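I have placed the structure first, in the form of structure tokens, so that the comments after it can refer back to it.
The values are calculated or read from the model by the stated rules, or taken from the named source; none is laboratory data. Just so it is clear, the structure is predicted and the values come from calculations on it, not from any experiment. So basically every Cβ, Gly included, is an ideal-geometry build from the backbone, and we count neighbours across all protein chains shown.
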Amino acid sequence: MQTDSHPILELRNIDTYYGQIQVLRQVNISMPAGEITCLLGGNASGKSTTLRTILGMVTPSQGSIHFRGERIEGISTTELVKLGVSMVPENRRIFGRMTVRENLEMGAFLRKDRKEIEKDIERVLNLFPRLRERLKQLGGTMSGGEQQMLAMARALMSRPSLLLMDEPSMGLSPLFVQQIFKIIQEINEQGTTIFMVEQNANMALSIADYGYVLQTGKIVLNDTAQNLRDNKMMRKAYLGET
Amino acid sequence: MNKLFECKNLSKDFGGLTAVNKFSFDIEEGEIVSLIGPNGAGKTTFFNLVTGLYPASSGMIMFKGEDLIGLSPYEITQLGIARTFQAVRLFPDMTILENVMVGQHCRSKSGVIGAILQPKSYKEEEERIRTNAEKQLAFFGSRLMGFRLNQPASSLSYANRRRLEIARAMSTEAKLLLLDEPAAGMNPKETIEIAHLIGKLRDERGFTILVIEHDMRVVKDVSDRVVAMDYGSKIAEGTYQQVATNEHVVEAYLGRKGNEEQDNAN
Amino acid sequence: MTSLQKSKRVSWVSIILWVLRVTVIALVIYGSAVTLSSGKYAPSSWISLLIAGLAQGSIYALIALGYSLVYGIMLMINFAHGEVYMAGAFVSFFVADALEQSGFLQAQPLVTIFILLLSAMATSTLVALILERVAYRKLQNAPRMISLITAIGASFFLQYTFRGFFGSGFKAYPEFGAMWGRWTFGSVTVQVVQIVVAMAAILMMGGLYWFVEKTKTGKSMRAVSEDKEIASLMGIDVNRVIVITFMLGGMLAGAAGVFRGLYQPQGIGYNMGFLPGLKAFSAAVLGGIGNIPGAMLGGVFLGIFESIGPNLILQGLGIVGANQLKDAIAIVMLVLVLIFRPQGILGEKLAEEKA
Amino acid sequence: MTDSNTINTIIERKHATKTVLIGIYSGLVTLFVCLIGMVETFGARDIIGGIISMGHTMLIIIAVGSGAVAVKTLREDMSTPGATINKPAFLVEIFVGVTTGLIVGATLSIFVFATQLVDMRSVLINVSPGLLEMLTLQQPASQVMMTITVLGSLLGGIGAAIFNINPRIRLPLVLGLTSVVSLGMLRDMLKIVLSREGWPSVLLNFLVKNQGLSIAGATTIFATTVALVIIWPHLPKIYDKTVRIIVTYVPKVLQFAVSIIFTIALTMRVFWFIGISDKDLPILPSCQAADSSPNVDLAKCISILSNDVSTTSDLLGTNLATLVSTIITVSEILVGSLILLCFIFAIWNIRQNANLTDTKSTLEDPNNALLIIAKRNISAFFSVALLVSLPILLGVFPSEVLLNVGLYMLMGFGLNIVVGMAGLLDLGYVAFFAVGAYSTAILTSPRASIELGMSFWAALPIVVLVTGATGLLVGAPVLRMRGDYLAIVTLGFGEIARFLFLSDWFKPWLGGAQGIILIPPVSIGNVQLIGPHKLYYLIITGCLIALFISARLRGSRVGRAWMAMSEDEKVAETMGINTVYYKLLAFGLGAMIASISGAVFAAKLGTIFPHSFNVLVSITALSLLIVGGIGSLPGIIVGALVLVGLPELLREFTEYRLLIYGAILIFMMLSRPEGLIPRVRQTRELDDQELSQDAWLHDKNEANNGSSVTVT
């Protein structure tokens, strides 16, 4: 664990509204470089809004977001991708009418170095060998787990320094969930910082370094993953223990 | 046997993907049953099948001895099943009172002629609808009453919208209420309140309730019986204790197994 | 058991729809059978009609592509697209007229056509871009109803703007002598212009298909049409893609305008875009809106059906003046398609899901 | 001191481009109105006779507007939260205004210069000598470029300066100028009305001169408006007091008697008006002099009132006649002098009703209750009096305008049921109007194929039913279609209807392009309603009934079901609403109301052609709904008056009518859909909120439903 690393992305006192309704209240999150940070919370607790705020799809009404020390709130998503942030959306959302290969190429949309792109395709195919046999298949015809892999592979194609993941385990079979989480760890070990939003608290905390718990738009708990796992209140509310 | 609701071998395919798979299950009158399971387990799809929003691929659904397969949503509501939605779906531009009055639609019958000529029977019916609606809203204390009655639903806070949605469902005078994550997006205090309210719905208003919920505290507090679902199938059924300790459930829903493995690896 | 119960509970709406379906099919079969058995038309005249339909249809297809492209990307019906086409035809008429009067047209007909295409495509593109910038840019996330009403407003605004600028009279394209020749293959005679128009249109559509399938910009268009948000996560500038889409639609519509002028010189006027627009939209829906090959197929199919249908089916049903009802055919077809196969011939289920 | 410097730099850096852009856009707009011919067409109409024409006014408005808009934008930009200075200095604002004005002027002068070089007229038909004459202000072309540019900058500066006037002065000023311009535009109308008998001719001569208003007239109008604007806020109090005095001090019997007499007088007057034949009334208002005085035709009036004139009743009749003639003369004066009050009361009536929901508590106080009821009665009474006496007061030509307004208003009410209440965008509404007109023609015309020759009244129920059935027929196949597809398909249906009416196929029954002729006029008793001033009463009755039905339906169970359906169809269905039934009901009812409009239309013209029923009718109906605000009933009335009434009063407008409708539709949708279609918009916003709030919930739903179904 690198405790001395600088945060690669930081949210400071973020307030976000949808119309009249406040969704985020004074959210502070810091993502240290090289680590896996996870954000836990139930349905409608504001997790997705946090991601959308980071990605510039909604502008916070208060607070600031810093990427490597520079303020980025309100920046366009495209700019953010250029800075080296990539995202694996929830529910995969791969391009269903494109082949697996085209999906991967879309992931490298902003890059011009054709040779390097080819190399990276090789690299991610090594990471996800299942995709190799399906390179020419249409994305939409694959199973949920394969789509999740493709979505991750696609996100890696831009060579991100920070990878945001929205519910990577959602709707996947336990076997796939374990595979996916293993790969997430692998990606992290290769030097990519990871910020993961999850509902599957046990699974997420098992690989994360640090965790935040979001409840009705507020961070109610934040601690190292180990401490969170041992936290009584946490176990009660989110791990379903009595 | 006093089975209010029963479904057998209910299945739903979406072009190859089986969202609900041979699901069988019943509810007795006056019960509160919780339906739990991870996201994507097919719980909401099951609600959509019961309320007629999706046609079932196969299987049967019986309610009060009537077959629901092939009925339109409005006919099912008329028979006595009402629901709320996971992502609250109100009529945002209608006032709070109007929202609940719409719920009374299937329990009233005046038509165009009545509305234009407004005979006595029409006025009485309108009055009845209105008092009834106010009665439902009063169930939630002062939260939805007073000046709020004539405010558009869109002006409400998130938690109040959930409450209004429940009031609207109540106002259909249904026998069976299907509540889809009533506590989602609520803070702990509100969550406890909702759990309390669900109990009151049964005890005071006599509703039979089927509730989808993720918050285990609510599930524990309210349920007579818990049914766990994964991949569209029932994986466990019983009291909260039975289900919560069921190995399949723990594996699918709580993800303990992965956790333990990881612990071992460490 | 369950299937039995299901059939017992078919709503009367679906019964009506079934009756309608059967009636339509019966009428089509009966009408064609009567016409064919009467032997009123020789096979060669059917082929001539077919080729005329092909030429007309490829013009529809070019316009339909504009609807389809924009719909695919923005999920809105650009009702004013018919006016984009009109703009190209109208302005290229003035160019053609000037070139004819200067004698250039007679001397260099091919170069003239090229110039006409350029001017029409430029005009239509310009109009399409202005539309996008002024009217639609702000509405990207607006409800469909709002964008549709805006588009309708834009349609009328454009029509009457052109009427104001250039007058309400109808103009006629100059005639290109060579175009009006005839080629005879055996017993079948076709006009040169029909072949030229159909060929040119098909060539352009092929080009578009290549562009969308193979180039990087094309791929970004496909990505945006599948999922705007994810596309922007890939670093695609969605606004730029939308602009390019409108440009492409405008170019094709402009070309369609010139082809219309060559094929059917009369009746160039401010309201010439309305009906072809409606028909092209029908064609796009017929082929599966948002789908490029679908729009081409739909356009060509509609053109042919419009050309053959009245003679084949309506006459057989004993309807007087069947050709007057030609224009209604497209709309009837649109309605039938939307009732029975809303995703169109080549359309995917997606069209429905996005609803 | 340093402040102004910082402002200057801010201007230069951030806002200079924007200012220039606004200038360029305004310049393009100026060019546009010139090229499209509006400037020249309107140039023929003077606002103030011999001094300034409408065309010039138009250009002035654009130049002044550009300055105003630029300053407004600047202020908005600078008042963003966190900014230290949120109002630019006066001089900066003037500078910005002058800049935009300068660009507008320069654009125009370049255009003028270009016209001197090339002849554009062969292509751009409106670049005529007339236009150039207007633009050059009768100056040689060399000087005029300078003049126009300077004028432009000046006007832009004025536009900017307007923002720095105290609003208490600005409002009356702007409204005063507006009323001068509008009355100037409506000069023809003014002339027609004022030259009618009953109005002093001095007034006409005073107000109107040659092509426009007289200077004195314009000044008076300006002064009156300013005075009105200043008094306006105090009027409700005065009104309140007056009503209170009347209610408390005037005995009820007297109140009652006055209103009875007034009502009888009005009714008599109306009957007389309807009763006189067309020949008695000059069609063209210019030869209005012989507008027969009421007394002359009284006998006729009476004979209409009492159907058989026997000898015994003859004596009574003469006596009655004398009495009535006095009453009528009184009523004439009453009606004439109260016209303005009526208008104000009518507006207050609307306002009052808008506030009534909150006045439930005040109603409990008996004193207040009495007052409110009295006020409501007065407003209602005067509204009706105004409606009834309008054709009498205005004469035949304006009645024609009113009749057309009424036809569209009725259609608007019908369309509002479909679009506004049930949320189904129908663009083929003309089809029902046409079916109504055609079925009326077939049933009543002796020349029609079936030669029924029914009377209008006998035919009307059949017409309504037939059209209602057509509505169901059109509605049934489109039931499952989504909003925008539904719109296009209904548009298609409208066109199909026209093709069928035109076709040879149906020619034996519908007459093809020649249509159906000899449709008899509507008659009540033995009075034939020929002429717009009589049919007006028919259509206004129709409108009132439609208004009543709409208002009643809106608050009812049916209205709630429609509203719920238009907000969220799926949820409405799970709440027990049979959406199929309610969609069909909306289509059917909407069609029925349109059919009445169509029937009156057929009876009005006597002949119908398929060409009258084109898509423009549907678009007009939709536009008036949108301008007034979808779902708002007063909105329909206002919308019809503005969109149908105004263009008919201003002949010049008719050519640009659809251009303006189009622009209005775009403008409304872009700038204030929330004010005009609150329902649609707010639903959407909330949807968005929820979508994003619960984005993943939603997506998951969809994922469950079909993301893996996206298979070819």
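Of all residues in segment A:90-102, which are facing chain C (nearest Cβ under 9 Å) and crowded, with 24+ Cβ neighbours inside 10 Å? Let's see the steps before the verdict.
The first filter runs over segment A:90-102 and keeps only residues facing chain C (nearest Cβ under 9 Å), leaving A:93-98, A:102.
Matches in segment A:90-102: A:Ile94, A:Phe95.
For the structure I just gave you, tell me whether C:Ala178 is at pLDDT below 85, among the small types (Gly, Ala, Ser) and either in contact with a strand residue (DSSP E or B) (Cβ under 8 Å, 6 or more places away or on another chain) or assigned to a helix (DSSP H, G or I) (or both). Lay out the reasoning, then the answer.
Numbers: at pLDDT below 85: yes; among the small types (Gly, Ala, Ser): yes; either in contact with a strand residue (DSSP E or B) (Cβ under 8 Å, 6 or more places away or on another chain) or assigned to a helix (DSSP H, G or I) (or both): yes.
It is true that C:Ala178 is at pLDDT below 85, among the small types (Gly, Ala, Ser) and either in contact with a strand residue (DSSP E or B) (Cβ under 8 Å, 6 or more places away or on another chain) or assigned to a helix (DSSP H, G or I) (or both).
Within segment C:294-346, how many residues are of a type in the set (D, E, K, R) and either touching an Asp or Glu at 6+ places or on another chain (Cβ under 6 Å) or within 8 Å of chain D (Cβ to nearest Cβ) (or both)?
Summing the residues that are of a type in the set (D, E, K, R) and either touching an Asp or Glu at 6+ places or on another chain (Cβ under 6 Å) or within 8 Å of chain D (Cβ to nearest Cβ) (or both) in segment C:294-346 gives 2.
Exactly one residue out of C:Val300, C:Val332 is part of a helix (DSSP H, G or I), within 27 Å of C:Ala26 (Cβ to Cβ) and at pLDDT 90 or above: that is C:Val300.
Residues that are more than 14 Å from every other protein chain (Cβ to nearest Cβ) and closer than 30 Å to C:Arg163 by Cβ: list the helices (runs of 4 or more DSSP H) wholly contained in segment C:1-113 that include at least 2 such residues.
Working: elements: C:2-8, C:12-38, C:43-74, C:81-102, C:104-107.
Passing ranges, in order: C:43-74, C:81-102, C:104-107.
For segment B:109-124, name all the residues that are in contact with a helix residue (DSSP H, G or I) (Cβ under 8 Å, 6 or more places away or on another chain) and either among the hydrophobic types (A, V, I, L, M, F, W, C) or surrounded by fewer than 19 Cβ atoms within 10 Å (Cβ to Cβ) (or both). B:Lys109, B:Gly111, B:Val112, B:Ala115, B:Ile116, B:Gln118, B:Ser121, listed by residue number. Mind telling me which of the residues D:Val243, D:Val247 ends up being in the same structural domain as D:Leu371 (by TED's automatic domain parsing), in contact with a Lys or Arg (Cβ under 8 Å, 6 or more places away or on another chain) and surrounded by 12 or more Cβ atoms within 10 Å (Cβ to Cβ)? From the options D:Val243, D:Val247, the qualifying one is D:Val243.
Of all residues in segment B:53-108 being more than 7 Å from every other protein chain (Cβ to nearest Cβ) and among the basic types (Lys, Arg), which is surrounded by the fewest Cβ atoms within 10 Å (Cβ to Cβ)? So, considering only residues that are more than 7 Å from every other protein chain (Cβ to nearest Cβ) and among the basic types (Lys, Arg), the one surrounded by the fewest Cβ atoms within 10 Å (Cβ to Cβ) is B:Lys64.
Return the only residue of B:Ala252, B:Ala169 being in a helix (DSSP H, G or I) and modelled with pLDDT under 80. It would help to see each step written out before you state the result.
Numbers: B:Ala169 fails: modelled with pLDDT under 80.
Exactly one of B:Ala252, B:Ala169 is in a helix (DSSP H, G or I) and modelled with pLDDT under 80, namely B:Ala252.
Evaluate segment D:484-500: report whether one residue or more is in contact (Cβ under 8 Å) with a residue 40 or more places away in the chain, outside any helix (DSSP H, G or I) and either small (Gly, Ala, Ser) or away from every other protein chain (no Cβ under 14 Å) (or both). Scanning segment D:484-500 turns up no residue that is in contact (Cβ under 8 Å) with a residue 40 or more places away in the chain, outside any helix (DSSP H, G or I) and either small (Gly, Ala, Ser) or away from every other protein chain (no Cβ under 14 Å) (or both). Here D:Ile442 fulfils each of the conditions (1) more than 9 Å from every other protein chain (Cβ to nearest Cβ); (2) assigned to a helix (DSSP H, G or I); (3) of a type in the set (Val, Ile, Thr); (4) under 30 Å from the mean Cα position of the chain (by Cα) apart from (4). Of all the criteria given as (1) within 11 Å of another protein chain (Cβ to nearest Cβ); (2) within 28 Å of B:Asn246 (Cβ to Cβ); (3) crowded, with 18+ Cβ neighbours inside 10 Å, the one not satisfied by B:Leu156 is (2). Looking at segment B:56-78, which of its residues are farther than 30 Å from A:Gly42 by Cα and without any contact (Cβ under 8 Å) to a residue 24 or more places away in the chain? B:Gly65, B:Glu66, B:Asp67, B:Leu68, B:Ile69, B:Gly70, B:Leu71, B:Ser72, B:Glu75, listed by residue number. Take C:Gly218 and decide whether it is touching a residue at least 40 places away in the same chain (Cβ under 8 Å), part of a helix (DSSP H, G or I) and in contact with a helix residue (DSSP H, G or I) (Cβ under 9 Å, 6 or more places away or on another chain). Criteria not met by C:Gly218. Restricting segment D:622-649 to residues that are of a type in the set (Gly, Ala, Ser) and under 28 Å from D:Ser523 (Cα atoms) leaves a set whose member that is nearest to the chain's Cα centre (by Cα) is D:Ala640. Checked against the criterion of being within 14 Å of chain B (Cβ to nearest Cβ) and over 21 Å from B:Asn187 (Cβ atoms), segment A:58-72 has no qualifying residue.
Using the structure shown, decide if D:Leu670 is touching a Leu at 6+ places or on another chain (Cβ under 8 Å), touching a residue at least 60 places away in the same chain (Cβ under 8 Å) and surrounded by fewer than 21 Cβ atoms within 10 Å (Cβ to Cβ). Criteria not met by D:Leu670. When restricted to residues that are farther than 18 Å from A:Leu162 by Cβ and not β-branched (Val, Ile, Thr), segment A:42-59 contains 5. For segment B:246-256, does any single residue satisfy the condition of being within 13 Å of chain A (Cβ to nearest Cβ) and of a type in the set (Lys, Arg)? Yes, some residue in segment B:246-256 is within 13 Å of chain A (Cβ to nearest Cβ) and of a type in the set (Lys, Arg).
Could you please let me know if D:Arg480 is part of a loop (DSSP other than H, G, I, E, B) and closer than 23 Å to D:Leu585 by Cβ? Don't jump to the end; show me each part of the working.
Values: part of a loop (DSSP other than H, G, I, E, B): yes; closer than 23 Å to D:Leu585 by Cβ: yes.
Spelling it out, D:Arg480 is indeed part of a loop (DSSP other than H, G, I, E, B) and closer than 23 Å to D:Leu585 by Cβ.
Return a yes/no flag: does segment D:483-505 have any residue that is at pLDDT below 85 and surrounded by fewer than 20 Cβ atoms within 10 Å (Cβ to Cβ). The answer is yes, given that some residue of segment D:483-505 is at pLDDT below 85 and surrounded by fewer than 20 Cβ atoms within 10 Å (Cβ to Cβ).
Taking first residues from segment B:218-236 that are assigned by TED's automatic domain parsing to the domain that holds B:Ala41 and without any contact (Cβ under 8 Å) to a residue 60 or more places away in the chain and partners that are surrounded by fewer than 23 Cβ atoms within 10 Å (Cβ to Cβ) and among the hydroxyl-bearing types (Ser, Thr, Tyr), the Cβ contacts under 6 Å between residues at least 6 apart in sequence or on separate chains come to B:Lys220/B:Tyr240. Among the residues of segment D:538-547, are any buried (at least 20 other Cβ atoms within 10 Å of the Cβ), hydroxyl-bearing (Ser, Thr, Tyr) and in the same structural domain as D:Lys507 (by TED's automatic domain parsing)? No, there is no match, as no residue in segment D:538-547 is buried (at least 20 other Cβ atoms within 10 Å of the Cβ), hydroxyl-bearing (Ser, Thr, Tyr) and in the same structural domain as D:Lys507 (by TED's automatic domain parsing). As for segment D:135-148, it holds no residue that is at pLDDT below 85, in contact with a strand residue (DSSP E or B) (Cβ under 9 Å, 6 or more places away or on another chain) and surrounded by fewer than 21 Cβ atoms within 10 Å (Cβ to Cβ).
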